[in-house]
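Take a look at the structure set out below.
The values are calculated or read from the model by the stated rules, or taken from the named source; none is laboratory data. Here the structure is a predicted model, which is why all the values come from computation and not from measurement. Neighbour counts are summed over all protein chains in view; Cβ atoms, including those assigned to glycine, are modelled from backbone coordinates with ideal geometry.
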Amino acid sequence: MVKFAEKLKELRKNAGLTQQQLADRIWVTKASISYYELSERDPSPEILVKIAEVFHVTTDYLLGIDDKRIYLDVSDLNDEEIELLQHTIDLLKKNRSR
């Protein structure tokens with residue numbers, strides 16, 4: 001998972017986090033973060049999800065499956081707000097295709 005190691009290190013540095021700070025956020029050791037960044041170990045699926053949440057990216061992005069980096073977290077929105085957001089996205093897509 002060389003792509004994962006590179007992406008993790010890049011995301012961590014861009015966020016201004018040390019390996020220890022990231023480790024504290026996802027409840028692993030600093031050594032684990034170092035191993036991930038050196039491609040010496042792979043994270044468990046649970047840790048992969050935690051890393052994605054910290055950096056607001058998808059697990060597919062971390063694994064190099066998808067180049068789309070950002071996802072929208074709508075977990076704190078109510079149904080009406082999500083519907084409004086979906087409507088806005090649909091309008092943007094429609095306008096782009098013209």
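Evaluate the following for residue 65: is it of a type outside the set (Asp, Glu) and either in a loop (DSSP other than H, G, I, E, B) or more than 22 Å from residue 15 (Cβ to Cβ) (or both)?
It is true that residue 65 is of a type outside the set (Asp, Glu) and either in a loop (DSSP other than H, G, I, E, B) or more than 22 Å from residue 15 (Cβ to Cβ) (or both).
Here are the criteria: (1) at pLDDT 95 or above; (2) surrounded by 14 or more Cβ atoms within 10 Å (Cβ to Cβ). Tell me which single one residue 27 does not satisfy.
(2)
Residues being in contact (Cβ under 8 Å) with a residue 12 or more places away in the chain and out of contact with any Ser or Thr (no Cβ under 6 Å at 6 or more places or on another chain): count how many of those fall in segment 2-17. Walk me through it before giving the result.
We begin by selecting, within segment 2-17, every residue in contact (Cβ under 8 Å) with a residue 12 or more places away in the chain; these are 2-5, 7-9, 11-12, 15.
Checking the rest, the ones that are also out of contact with any Ser or Thr (no Cβ under 6 Å at 6 or more places or on another chain) come to 3-4, 7-9, 11-12, 15.
Looking only at that region, the number is 8.
If you check residue 60 against the conditions, is it surrounded by fewer than 16 Cβ atoms within 10 Å (Cβ to Cβ) and in contact with an Asp or Glu (Cβ under 8 Å, 6 or more places away or on another chain)?
Details: surrounded by fewer than 16 Cβ atoms within 10 Å (Cβ to Cβ): yes; in contact with an Asp or Glu (Cβ under 8 Å, 6 or more places away or on another chain): yes.
Answer is yes for this residue.
Among the residues of segment 51-68, is any under 30 Å from residue 33 (Cβ atoms), among the charged types (D, E, K, R) and touching a Phe, Trp or Tyr at 6+ places or on another chain (Cβ under 9 Å)?
yes
Output the residue which, of all residues in segment 66-92 that are more than 26 Å from residue 30 (Cα to Cα) and among the β-branched types (Val, Ile, Thr), is farthest from the chain's Cα centre (by Cα). Before the answer, list the steps.
The first filter runs over segment 66-92 and keeps only residues more than 26 Å from residue 30 (Cα to Cα), leaving 66-68, 71-92.
Now narrow it down to the ones that are among the β-branched types (Val, Ile, Thr): 74, 82, 88-89.
On the way: 74: 15, 82: 21, 88: 23, 89: 21 Å.
Across segment 66-92, the extreme among qualifying residues is 88.
Just the residues that are surrounded by fewer than 11 Cβ atoms within 10 Å (Cβ to Cβ), at pLDDT below 90 and out of contact with any strand residue (DSSP E or B) (no Cβ under 9 Å at 6 or more places or on another chain), please, taken from segment 66-85.
Selection gives 67, 72, 73, 75.
Looking only at segment 1-23, which residues are closer than 14 Å to residue 38 by Cβ and loosely packed, with under 12 Cβ neighbours inside 10 Å?
Hit for segment 1-23 is 2, nothing else.
Need a quick list: helices (runs of 4 or more DSSP H) entirely within segment 1-58 having at least 1 residues that are within 26 Å of residue 72 (Cβ to Cβ) and out of contact with any Lys or Arg (no Cβ under 9 Å at 6 or more places or on another chain). So that I can check it myself, show each step before the final result.
Details: elements: 2-14, 19-26, 30-37, 45-55.
Answer list for segment 1-58: 2-14, 45-55.
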